[in-house]
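Structure first, then comments.
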Amino acid sequence: MGCRMMNAVPEGVLLEILSAVPAPDLICRCRPVCTLWRNVIDSSALWKTKCQRDGFILRRCRRIPPDWRMFYFLHLRKKNLLKNPIAEENFKYWHKKEDGGDHWKVETLPGAHGRPFPDEKVKKYYVTSYHWCLKSQTINLKKEGYPNEFMDIVQPNIIIKDWYSARHDCGSQYTIHVQLLSHDKTVIAEFKPDPVRIEQWSTAEWAQIEYTFRMYGPGVRYIYFEHGGCDTQFWAGWYGIRVTNSSVTIDPGDLST
């Protein structure tokens with residue numbers, strides 16, 4: 001159906017029709033067709049309708065995002081920006097900043113004197129030794145599809161999650177350090193809690209740590225993620241802290257709260 005014929009269709013009906021079109025086609029194919037289509041596709045109403053259609057929001061929401069189109073694309077892009085978080089590819093993508101004792105190692109869950117992980121899909125974990133073991137990744141936000149202007153203006157929430165556990169028979173320490181960095185790697189904001197110390201004969205249950213960066217200001221171009229630890233009894237082998245299922249996500253937020 002050509003644009004001339006579509007001009008006779010009420011704008012509300014046109015909006016409903018176009019909102020069913022996949023987002024890339026809307027931008028690349030439909031928007032250049034004519035002024036009417038461009039105006040409808042550029043409207044907040046269309047992108048709000050797409051958010052509802054695709055289940056990104058409820059029919060009633062208590063907050064309104066500054067840009068419905070950007071809110072929609074944030075949901076499409078939402079993923080874990082850390083690569084190889086559950087050791088399926090050994091240490092690929094990770095930089096071993098410190099590799100003390102008998103070095104980092106990958107083991108299969110639940111491991112000796114360990115507990116099952118809450119998510120059955122997670123099969124492996126990274127384990128530390130009797131001297132400090134730290135590993136890191138640096139995320140380039142532009143390469144992951146988040147333009148500089150978007151990060152500066154919208155400043156979406158950046159959610160950090162990590163899971164850690166100790167062996168039942170050995171004490172250990174866990175540490176995490178996350179930084180939001182500028183183009184020249186200057187620190188804009190950071191999360192660096194005190195190390196967690198777990199005593200010997202613990203329950204060995206897996207625990208999750210979570211932190212959200214909000215309203216951190218313009219200029220964020222990279223995210224630096226580092227975690228690790230060691231055992232506290234200096235036993236040869238791999239008796240230190242265990243980590244897995246780490247994640248860094250760009251989150252558009254929940255409009256229902």
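Net charge of the neighbourhood of Pro24, taken over other residues with C-beta under 15 Å away and scored Lys/Arg +1, Asp/Glu -1, is +3.
Entry comment: accessible area of the range 137-180 is 33 Å² per residue, from protein heavy atoms only and a probe of 1.4 Å.
Computed about its Cα centre, the charge dipole of the range 97-190 is approximately 260 debye, with only Lys, Arg, Asp and Glu carrying charge at their Cβ. Solvent-accessible surface of the range 1-130, taken per residue with a 1.4 Å probe and all protein chains present: 61 Å². Here is the P(r) of the chain: all C-alpha pair distances, binned every 5 Å from 0, give 1, 6, 12, 14, 13, 12, 10, 9, 7, 6, 4, 3, 2, 1, 1, 0 in whole percents. Atom-type composition of the exposed protein surface of the chain places 51 percent of the accessible area on carbon and sulfur (1.4 angstrom probe). Start at zero, step by 5 Å, and the Cα-Cα distances of the range 107-257 spread as 2, 9, 18, 19, 15, 13, 10, 8, 4, 1, 0 percent across the bins.
Less than 5 angstrom separates the built amide H of Lys97 from those of Leu134, Lys135, Ser136, all sequence-distant by 5 or more or on a different chain. A quarter of the convex hull surface defined by the alpha-carbon atoms of the range 185-256 gives 7.7 nm² as the mean projection. What spacing in nm lies between the two simple spin-label points modelled at Val9 and Ser44, each 7 Å away from Cα in the Cβ direction? Here the modelled spin labels are 2.5 nm apart. The label-point distance for Lys142 and Val33, in a model that sets each label 7 Å from Cα toward Cβ, rounds to 3.5 nm.
Order Lys135, Lys143, Lys97 by their accessible area, 1.4 angstrom probe, all chains in place, largest first.
Values: Lys135 0, Lys143 170, Lys97 110 Å².
If we order Lys135, Lys143, Lys97 from most to least accessible, we get Lys143, Lys97, Lys135.
What accessible area per residue, rounded to a whole number of Å², is obtained for the range 193-257 using a probe radius of 1.4 Å?
Working: 2930 Å² over 65 residues.
Using a 1.4 Å probe on heavy atoms only, each residue of the range 193-257 averages 45 Å².
For the chain, relative contact order (Cα pairs under 8 Å, six or more residues apart, normalised by length) works out to 25 percent.
Ranked from largest to smallest solvent-accessible area, with a 1.4 Å probe on the protein heavy atoms, Met215, Met70 come out as Met215, Met70. Over the range 44-118, the pair-distance histogram of Cα-Cα distances with 10 Å bins from zero comes to 14, 28, 17, 19, 18, 3 percent, rounded to whole numbers. Charged neighbours of Gly114, selected by a Cβ distance under 11 Å, balance to 0 (K, R count +1; D, E count -1). Highest mobility in the GNM of the chain, judged by mean-square fluctuation with C-alpha springs under 10 Å and restricted to Cys170, Cys34, Cys51, is found for Cys34.
Compared with the dominant Cα axis of the chain, that is its longest principal axis, helix 44-53 is turned about 60°. For the set Glu199, Glu88, solvent exposure ranked by accessible area (probe 1.4 Å, protein chains only) runs largest to smallest as Glu88, Glu199. Given Lys105/Lys142; Lys50/Lys192; Lys48/Lys83; Lys92/Lys143; Lys48/Lys192; Lys123/Lys185, which pairs have Cα atoms separated by over 29 Å? Exceeds cut-off: Lys105/Lys142; Lys50/Lys192; Lys48/Lys83; Lys48/Lys192; Lys123/Lys185.
Given in Å, the Rg to one decimal and the Dmax to the nearest whole number for the Cα atoms of the range 45-193 are 19.4, 58. Projecting the Cα atoms of Met70, His177, Ile139 onto the dipole axis of the chain, where Lys and Arg carry +1 and Asp and Glu carry -1 at the beta carbon, places Met70 farthest toward the positive end. Global size of the range 145-192: 16.0, 50 Å for Rg and Dmax (C-alpha atoms, Rg to one decimal, Dmax whole). For the range 165-257, the relative contact order is 40 percent, taking Cα pairs closer than 8 Å that sit 6 or more residues apart in sequence and dividing their mean separation by the residue count.
Could you compute the net charge surrounding Glu88? Neighbours are other residues with a C-beta less than 12 Å from the C-beta of Glu88; K and R count +1, D and E count -1. Before the final figure, lay out the partial values.
Numbers: positive: Lys83, Lys92, Lys121, Lys123, Lys124; negative: Glu89.
Cβ neighbours under 12 Å give a net charge of +4.
Model label sites at Asp67 and Thr108, defined 7 Å from Cα along the beta-carbon direction, differ in position by 4.8 nm.
The values are calculated or read from the model by the stated rules, or taken from the named source; none is laboratory data. Since this is a predicted model, take the numbers as computed values, not measurements. Positions of Cβ are backbone-derived with ideal geometry, glycine not excepted, and every protein chain shown enters the neighbour counts. Just the protein is used for accessible areas: all its heavy atoms, side chains included, with ligands, DNA and RNA removed. Shrake-Rupley method; radii C 1.70, N 1.55, O 1.52, S 1.80 Å.
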